[in-house]
Amino acid sequence: MSIEVRHLSKTYGEQKALDDVSFSVGKGEIVGFLGPNGAGKSTTMKILTAYLPATSGEAFVCGKEVARHSLEIQRMIGYLPESNPLYPDMYVREYLWFVAGMYRMPDRQRKRRIDEMIAQTGLQPECHKKIGALSKGYRQRVGLAQALIHDPEVLIMDEPTSGLDPNQLAEIRQLIRSLGENKTVLLSTHIMQEVQAVCDRAIVISRGRIVADASLEALRSRGAAGRISVVFDGRVEQQAMEAVEGVETATLQGERGWLLLGAQPELIRKNLLRFALQNNLNIVSLQSDSSSLEEVFRALTQPSASRVE
């Protein structure tokens, strides 16, 4: 595994920011790291990048323990923090030259790599400017370029598309997807569309604990167990629909469709077939209705939420 976290905990005085966190991310995976503000996302990322020591537990990057090999780990990781600290008085190329130098990159390789990063992150139109003169979106691109300059094996990004316009979003999402073909990518974001656009899997953290670690498909289907969508070829009265055994609530969708909620979906399906026969109706469609990722996220981060694998 490129990233492996085992029983990680972090306390600040009496406050526990992380509580027995464990997960792993393999090469070629793009994993979304989700959670509300204060959930422990940034703390986890800072521990993985050796910026912050853990109180207990272990973290490994490419098989090396972070606590024992911090400098070596930092050479293997590309990190884009949420704050994206830059030097506003430096020119774009000057700054990237400086960052590449910190990785002891030879001058000839540095120039070639800077050209590649400017092209890859779409910085060409603004690369002659000082960083302080750039828009927020272009400053974010500079942050991405510095995270990639040394061709790291692992990328850890905190809100990587913050401040980008829709066209820039599409370009950077495509870049992240292409990077995920041969690198490990862990990205934190509050934008659910971002996760759906680039990730195949999500880890959800809430109040310092992992509450879900599953594919997006599994997360979206989490709420489907008690949600049934049915469309008849004729109209049905609200009272009749709610009288079907197993249905707790019925919401009309369009003229002939219904969203049915209940704890026993198989019982609902069985009784819907009987209901249709008894009322001379045909069922045009009958399917589970998956929750949106936003709905699942809200449900998982409620105090009563339970862990999902």
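Read the figures in this text as sums done on the coordinates, not as results from a lab. All figures in this text were calculated on a predicted structure; none of them were measured in a lab. Cβ atoms come from the backbone with ideal geometry, glycine included; neighbour counts cover every protein chain shown.
Quick look at the values:
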{"quantity": "Relative contact order %, the chain, counting alpha carbon pairs below 8 Å whose residues are six or more apart", "calculated": "19 percent"}
{"quantity": "Percent of beta bridges antiparallel (DSSP, the chain, rounded to nearest 5)", "calculated": "65 percent"}
{"quantity": "Whole-number Å³ per residue for the convex hull built on Cα positions in region 116-194", "calculated": "93 Å³"}
{"quantity": "Full-stretch length increase - Glu94, His190 - with 0.36 nm per residue and alpha-carbon distance subtracted", "calculated": "31.4 nm"}
{"quantity": "Most mobile listed residue (Ala67, Ala250, Ala54) in the chain, GNM with C-alpha springs under 10 Å", "calculated": "Ala250"}
{"quantity": "Sparse-neighbourhood loop sites, chymotrypsin sites (Phe, Trp or Tyr not before Pro) in region 1-101 - DSSP loop, at most 15 other Cβ within 10 angstrom", "calculated": "Tyr51"}
{"quantity": "Region 223-290, relative contact order [Cα under 8 Å, separation at least 6], %", "calculated": "48 percent"}
{"quantity": "Region 82-104 versus region 15-69: alpha-carbon centroid distance in Å", "calculated": "25 Å"}
{"quantity": "Full-stretch length increase - Ser83, Asp20 - with 0.36 nm per residue and alpha-carbon distance subtracted", "calculated": "20.0 nm"}
{"quantity": "Note, ³J(HN,Hα) from phi for region 239-252, Karplus 6.51, -1.76, 1.60, rounded to Hz, x at Gly and Pro", "calculated": "4, 5, 5, 6, 7, 5, 4, x, 7, 9, 9, 10, 10, 5"}
{"quantity": "Highest to lowest packing among 144-156, 186-198, scored as the average C-beta count within 10 Å", "calculated": "144-156, 186-198"}
{"quantity": "Net charge over other residues, Cβ less than 10 angstrom from the Cβ of Arg201 (K, R count +1; D, E count -1)", "calculated": "-4"}
{"quantity": "Difference of contour (0.36 nm per residue) and Cα-Cα distance, Lys64 to Glu217", "calculated": "51.9 nm"}
{"quantity": "Cα centroid of region 151-188 to Cα centroid of region 251-300, whole Å", "calculated": "38 Å"}
{"quantity": "Charge dipole (the chain, unit charges on Cβ, about Cα centre) - positive-most of Val5, Pro81, Gln302", "calculated": "Pro81"}
{"quantity": "Cα→Cβ-extended label distance, 7 Å offset, between Leu281 and Asp233, nm", "calculated": "1.4 nm"}
{"quantity": "Karplus-derived HN-Hα couplings along region 140-145 (A = 6.51, B = -1.76, C = 1.60, θ = phi - 60°), whole Hz, x at Gly and Pro", "calculated": "5, 5, 4, x, 5, 4"}
{"quantity": "In sequence order, calculated HN-Hα J values of region 155-164 (Karplus, 6.51, -1.76, 1.60; Hz; x Gly/Pro)", "calculated": "10, 10, 10, 10, 6, x, 10, 4, x, 8"}
